[in-house]
Structure formats: structure tokens, C-alpha cells
Amino acid sequence: MTESRVDPAEIAQLRAEVAQLLSRVERQEADNAQLRVENNQLRAVTDRLASKLDSVTELVVQLSSALQRQSSATPNVVEPYLSLPEKWDGIKGSPESMLAVLSMTFECQPARYPTSCSRVALLTSLLTGRAGEWAAALYHQKSPVCNDYEAFVKELKKAFVHPSSEVADETRLLQLRQGSQTVAEFTSRFRTTAARLTCGGPGSPAGPLPPHQTRSEGGSRTIPNFPPPSGEPTHGGTHATGSFAPRGTGAPFSGGTMRLLWGSGSSPCNMPHTPGKRSLRVGVGAASLGVSTHAAPHHTTLSVSFQLSQGPVPLVALLDTGAAESFIDQGLVNRLKIPLTLLDHPVPVTSVDGRPLMPYPITHRTQNLRMTIGEHVETLHFLVIHAPTTPLILGHSWFRLHDPHISWSTSKVMAWGVNCRLHHPSPGSQPRETPPKDVDLTLLPGSQPRETPPKDVD
């Protein structure tokens, strides 16, 4: 049997092939190890993504639940449309009506004005004139009240609503008087005041009713028909801490408040005089066209006559040396169709106890009127107030101008002051020398007071 022989070359070749296979196996193992590392890394990334996905899924579920609850709790209701109130300039009337409409707007449209800042912005847009300038100044100063609606309203009232106008509605209701008003006007006034008392309580401030507009004679400009007063004055005379100027004079009101101090009592000659007060009781009846008014007893009045376009109108004027200016009732102005002029600056008028007299403040005066007292002729104007029981008042300014000597017992002018010599007397009338002002003519022996004083023209 022959022994097979292996070629050494073949063995060497096999060895080389085996070495190659081993090398390939090692490389494959290294690749497998790298793949295992990458696989582990991918698995870690997958775990993190899965965790984040779970968190996002949970958040989506929570948002969906919250949205469902909100949709079920808030029905889809369309907010009503409300008209904005009229703008206010800080001078005429009161802001109470405007503020009430805004409060109702905020209640009915909470989504439209959700913040105090948006509500202050709406209120500011409704302020004009002085009130608008005041609000703009607060905004430019970055005042904190511009971000607080309640504080802004409080500051607005503090700046423009006079404290004396905050009269208790309880007092207003008790002091209502019909005067020259119609039954319908008085009933409306009564119901309005009673409604304020019921809704706002006895201490709630009440602004004046909106003025009705009437045409002035001889012009197309409208003038307010002033509302009736909250109550008749209770103490005598008027007092002013400032002066006024009619439109066109260029002289502004110097500030302060004019106080109307009428009251009851006897004649000034029978009672001691107290500065700032009078003892006359207002009691002059309401005037009608062509009919003289009649004074009640114990009142010092003077017969006068207005020369109007419809002819002479006899009236009776109350002589009130405590009144700072001369006044006329709005009702008398309406009946006689006397044209009015707007004052450059309103004049606040209050009674001695601080209650405002309507209209508050005074905004109008009559145009220059020609008035005769016997043969005395002058031209003057009157501030317009609501005083149906005293439709015509000659005040301290009239006395200061003419310095008349009055017979308080007969209600006649016994003599005119020296300043009246500067006027132009009528032809045929001779001015006579006036005795000293501190001498009573009735006490002079043989002195007879003249019934008809000289005619003066202002």
C-alpha cells in the first residue's frame, strides 16, 4: 500500500486561506461589537422619545379636558350693543349719568373691557374741554390712577364735582316745590329724585337733570332751559367771593363761590344787621307778561318796568342789598322771551348753608335790558337763576352803582346817589342836591320827599 504524499505548497496555501478567514472573522466580530454599541444608543434614544411622547400625550389630554369644561361652562352668548353716553366737558351738568351708562356697559360687555386700563381709556375718550385736558395731564404724568378705574372716577369727581352739590336726596325730596312748573314737570322731577333715593340711598349724590333746549329770540343758538332747584333758599342775601364777567368782556371769573343768603324775618331797620346775612323773606309772586307782581307783606320791593319788544312790562323787584348781583328767574325769562347770553365762566351760587342753587353753576345772563323806575332809565343785565318766588332781584351791585336813598316804609326811591349825575337826565328834569347819605330825609323839618326822582340814563 502506497502512502499519499501532500504537496507542501498546498499546505502553505491552505494555511494562508485559514489565516485570511480568521482575519475576516475578527473584523466581523469588531463590526458586530460596533453594531451592538450603536443599537444600544438607538435604544436609549427611542426610550427618551417614548417618554416625551407620553408627556405630550398627557398634556394634550389635559388641554382637551380643560377646553371641554370651558366650553360647557361658558355658553356662546353674543354681547349686546350699547350706545356710548354723551361726552362731558367738566363744566355743564354732572358726570353721574355718563358714569352710570359706563357701569352698565362694563357689566353687559365684560369681554370687551376686561381691564381697568381699558375702562379708564373709554372714560377718557368721553371727556372733553377742561375734563379732557385734566385726564390727558394724568396720562402724560403716568399717574397710577390711570390703571385703576375706581380711583380714576374718584379723582374725576374730586376735581370737577363741587362738594356742595352732593346734597342728600332725602333733603332734595323734602325741599321740592312746584313753583311755576307744570304738574307734569313737577311729577317728573319728584319721581326722578325719589328713584335716586330708592336706588342710591339717602346720601347718594345726585347731579342736575339734563337741560332741555329752547331757542333764544333773535338767534339760532340754543340755550338750556334750566331745571328747577333742589330747594328754595332759606337765608337772606347773597355773598360772592369772586367776580364774574359776561361773554365778550375778556374779564374772567376770579374764583370762589357766590352764596345766596335769603331768609325770613322783619325789615332791616327793625333788626340788628349781621354781616353776610339779611332779614328779608323772599315772597314776590311770579310775573306774567304785562302784569305786575305783588309783594307779600314786610318785603321791600320797587316797581320797575322793562322796555321790551312787545312793549313795557311792569314788574316788582325785590331790593336785596345782601345779593352780590342782580338776578332774574328762568321762568320769567321764558315768559317774556328775553334773549340770553352765555357767560365766559360759570358762576357757582350757593345758599348760606352751602346748598347749591339751580342751575349750578350759573351759566347765562340776560342781554342788556332797558329798565325804568319812575323817570329813572338805565340799561342793565341780570344773572339767570331758578327762583319762581322771587323772579326779579336788584342786588348789591345795583345799589353800589346808583347809591339810592330808599324809603323802606313806602318802597320808593327818595333820591339817587351822586354817581347818577353822570347819567343823562331827561329834558325838563332838574337834578337836585342830595343830602348826606347818613341823614334820613324824613327827619328833616319841612323836608318833603319828591314822589318823582330825576330821570337818569345809564
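The values are calculated or read from the model by the stated rules, or taken from the named source; none is laboratory data. For clarity, every value in this text was computed on a predicted model and none was experimentally measured. Every residue, glycine among them, receives a Cβ derived from its backbone with ideal geometry; neighbour counts consider all protein chains shown.
The one condition from (1) touching a His at 6+ places or on another chain (Cβ under 7 Å); (2) surrounded by fewer than 20 Cβ atoms within 10 Å (Cβ to Cβ); (3) in contact (Cβ under 8 Å) with a residue 60 or more places away in the chain that Q367 does not meet is (3). Among the residues of the range 87-111, those that are surrounded by 13 or more Cβ atoms within 10 Å (Cβ to Cβ) and not in a helix (DSSP H, G or I) comprise K87, W88, D89, G90, I91, K92, G93, S94, P95, Q109.
Counting only strands (runs of 3 or more DSSP E) that sit wholly inside the range 251-364, those with at least 1 residues that are assigned by TED's automatic domain parsing to the domain that holds G395 and modelled with pLDDT of 85 or more are 301-308, 311-319, 327-329, 340-347.
Would a scan of the range 379-394 turn up a residue that is small (G, A, S) and under 30 Å from S94 (Cα atoms)? Yes, some residue in the range 379-394 is small (G, A, S) and under 30 Å from S94 (Cα atoms).
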